[in-house]
Amino acid sequence: MQSYIDEAEKAISNPVLQTALANLQERLGKGAAAAYRNLPEGPGLRLKAHDIRMQAINSLDVLLETLAERVEKNGGEVIFADDAAAAVSACREIARKHGVRAVVKGKSMVSDEIGLNDALSADGIEVTETDLGEYIIQLAAEHPSHIIAPAIHKTRDEIGTLFTEKLGISYTNDPPTLTREARKSLREKFLAADMGITGCNLACSETGHIALLSNEGNIRMSTTLPRVHVAIMGMERVAATLSDHDILLRLLARGAAGQKMAGYVSHISGPRQPGHADGPDHYYLIILDNGRSRILADERFREILCCIRCGGCLNVCPVYAKIGGHAYGATYCGPVGAVVTPLLSGVGRFSHLCQGETLCGACKDACPVNIDIPRMLLELRSMLADGDASWQVRRNSLLEKAGWMIWSWMMQDRRRYEIGVKLMKRIFP
Amino acid sequence: MQQTAATHCRPVLVFPERPVTLFVQCLADSLYPDVKKAVEKIFDRLGIDVICPKDQTCCGQPAFNAGYRKEAGKTAARFIEIFGNAETIVCPSGSCVNMVRHHYPLLFKNDPKYHAKAVDLGRRIFELTEFLVDVLTVTDLGAAFSGRVTYHDSCHLLRGLSVRTQPRRLIQNVKGVVLVEMKDSDRCCGFGGSFFLKYPDISRAMAADKVRNIVDSGADVVVGCDMGCLMRIQKQLIRIGSDIKTLHIAQLLTMAG
């Protein structure tokens, strides 16, 4: 609780961060709203997308089985990982098998969730993030503070100093120059890498391919230049059919950045086939559970698995706008993080996340798949209030419970209520 | 808080409607009695009788939002007992109506005794401006106020009950009022019930943004339909030494020049 409050306070008193967050929301948050309004099918497509996602989540076992079959048929290998440790060890094993010394990474939140970079580095493998924001974060040895804009908390002056220190260039805070320098340095890494690791925006069960979206082209290079490509996906990131997949990708680009479509879209269905000019020799798809089955099994929270990680809810959340991503203390921040982080990493441990939101509902309206985040925040609060054996959650505070019992007792009688009112007048004169 | 000069009000419309039952809402009942009086005055001017059950307390929302569903359920059950037989219930708070309409069915989903009653009650409870504009089709109450007014969309009223245009139409029809829209009128003020008590610094930072937009709008008065939000906004206005006033919409609608 205290770290949430402390980190929030730090962010609130940082005027540069406050301006950056306000600009981000002004641009991306409002951009997404406009993009939904301009959908050819109308904004109602979000509701249809919700149904598409829920249907997929409800038949996940079948969809994943079909997906795996198709990937294998195309010459790829599929690994089901129960938890972070299993996914990490699968990656290490693949790297060992192929004699990998250098890895380039496309932006992937799930790799941050499992702590992959540290594990590979410990094996003596050089790991380089290739998304510009992620690259900056990696050089600074920090964690992302936004799902799609990971370095939003860094100023260009800070980035200039960082690049001088780490890349040995002369100081500049000019964004185009800094981008050119990053590009120069990254180009060498791409050409030298043995293995590319990416996430997966959305897989398609019907076709057996995965789609990756980016605006920098770095993901395409990570998936085609190295001889090995490993893609890691949360087990919920699958659409049943190509037409569902199409609807969801269009909404993803709109939710994330107000775009009709991202600048680069890669559809990957396996390793290089005979006659193909490029592509990796080996392709692995790691399908990660890491607590998702447990969410799937609970009707109250299943809906959060519909999330396609566009970060759109961060771009409208008035709390995120003030406290930034680091206060959440986890890979997934913002409204979606407030639901998914406690469920993946401990409801009790992350109790402040669901309580530190106002239930304003802006996140639901901004969600490309219309997820009812406030409803689940309320469910989490209810788990904390009275404990929940199925999630091994203990009652948050006996004192608070006693307080609400007294409150309830007072509300059962008009005279007692009036005494309460008098007390309230003392608190709020 | 500006005083209502209601003695000058004359009934503008007379409806042969059946009486409405008033759920006052605890903040209006306790801290802001002027709001309750203003609501009663509105119905008086419309010629509609108001029944105000003496035993009423709270709808249970504070406990529900804090996660204490047993305590909320007990309070909500009492609310259903008191208001269950009323034909039409009107409340000057969007978030309380949202609680009854949308959260009661959830709260009683495993309770056969109350579930049907809860669903039924949700269809008969209305937020004040929603009732005036959508049910009674009244958009002009003959009020007058000279000044620039900005309107704050409270979250549960807007996103829970989809009420956006109704209050604005009522405000625009107040003689002498110029409605000036603030930037991001639909952005949360930072109240959030217990959030405001648990995370006061974050709440204050949010309220500061809201108040900056209110000040920038050039308004003399900020009007809202939920006292929780108005309380939060007022606190911040005082903090920065602004002389912009907060008014519940019922108060504005009972003003006479």
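Once you have a ≥ b ≥ c as the square roots of the Cα gyration tensor eigenvalues for the range B:125-257, tell me rounded if a/c is under 1.5, and otherwise prolate or oblate according to whether a/b is larger than b/c. It is oblate, given that a/c is not under 1.5 and a/b is not larger than b/c.
Pick from A:E165, A:E113, A:E379 the residue whose mean-square fluctuation is largest in a GNM of chain A, springs joining Cα atoms under 10 Å. Top of the fluctuation ranking is A:E165.
Pairs of Cα atoms nearer than 8 Å and 6+ residues apart set the relative contact order; for the range A:90-132 it is 50 percent. Cysteine residues of chain A whose Cβ has no partner cysteine Cβ closer than 4.7 Å: A:C91, A:C200, A:C204, A:C306, A:C307, A:C310, A:C317, A:C333, A:C354, A:C367.
Simple spin-label estimate for A:L242 and A:D123 gives 3.5 nm between the two label positions (7 Å along the Cα-to-Cβ direction from each Cα).
Separation of the range A:365-429 and the range B:190-221, taken as the distance between their Cα centroids, equals 22 angstrom.
Here the calculated FRET efficiency for B:V215 and B:V50, from their Cβ-Cβ distance with R0 = 35 Å, stands at 0.45, rounded to the nearest 0.05. For the range B:6-133, the convex hull spanned by the alpha carbon atoms encloses 99 Å³ per residue.
For the residue pairs A:K48/A:K260; B:K74/B:K109; A:K107/A:K184; A:K10/A:K425, the alpha carbons lie more than 21 Å apart in A:K10/A:K425. Both radii come from the Cα set of the protein assembly as shown: Rg as radius of gyration, Rh as Kirkwood radius; their ratio Rg/Rh reads 1.02. Distance between the C-alpha centres of the range B:53-94 and the range A:122-184: 54 Å, rounded to the whole angstrom.
In degrees from 0 to 90, rounded to the nearest 10, what is the angle of the helix A:414-427 Cα long axis to the longest principal axis of chain A? Approximately 60 degrees, to the nearest ten. Of the DSSP H helices in chain B, those that are both long (alpha-carbon extent of 24 Å or more along the helix axis) and hydrophobic (Kyte-Doolittle mean at least -1.0) are B:200-217. Cross-link partners of B:K183 among lysines, defined as those whose alpha carbon lies under 23 angstrom from its own and excluding same-chain residues fewer than eight positions apart: A:K30, A:K322, A:K364, B:K210, B:K235, B:K245. Translational diffusion coefficient of the range A:102-242 (Stokes-Einstein, Kirkwood radius from Cα pairs, 25 °C, 0.890 mPa s): 156 µm²/s.
Once the chain from A:D278 to A:E188 is taken as fully extended at 0.36 nm per residue, the excess over their C-alpha distance is 30.6 nm. Modelled spin labels at B:T88 and B:D201, positioned 7 Å past Cα toward Cβ, are 4.9 nm from each other. Ordered from longest to shortest, the equivalent ellipsoid semi-axes for the range A:42-290 are 30, 22, 16 Å, each the square root of 5 times a Cα gyration tensor eigenvalue. For chain B, what class follows from the C-alpha gyration tensor (a ≥ b ≥ c being the square roots of its eigenvalues): rounded when a/c is under 1.5, otherwise prolate if a/b is larger than b/c, else oblate? Here chain B falls in the oblate category. Using a cut-off of 13 Å between beta-carbons, work out the net charge of the residues near A:I114 (Lys and Arg +1, Asp and Glu -1, A:I114 not included). Once all neighbours under 13 Å are counted, the net charge is -3. Between B:S217, B:S154, B:S93, the Gaussian network model of chain B with springs among Cα atoms under 10 angstrom shows the greatest mean-square fluctuation at B:S217.
With angles folded into 0 to 90 degrees, how steeply does helix A:175-192 sit against the dominant principal axis of chain A? Use alpha carbons for both and round to 10. On a 0 to 90 degree scale, this one is about 60. When chain A is modelled as a GNM with alpha-carbon springs shorter than 10 Å, which of A:H143, A:H276, A:H267 fluctuates the most? Highest fluctuation of the listed residues: A:H276. Spin-label model, A:N58/B:D134: points 7 Å from Cα along the beta carbon direction are separated by 2.8 nm. Centroid-to-centroid, using Cα positions, the range A:200-225 and the range A:57-118 are 14 Å apart.
No value in this document is a laboratory result; all are computed from the given coordinates. This is a predicted model, so every value here is computed, not measured. Note that we place each Cβ from the backbone using ideal geometry, even for glycine, and neighbour counts take in every protein chain shown.
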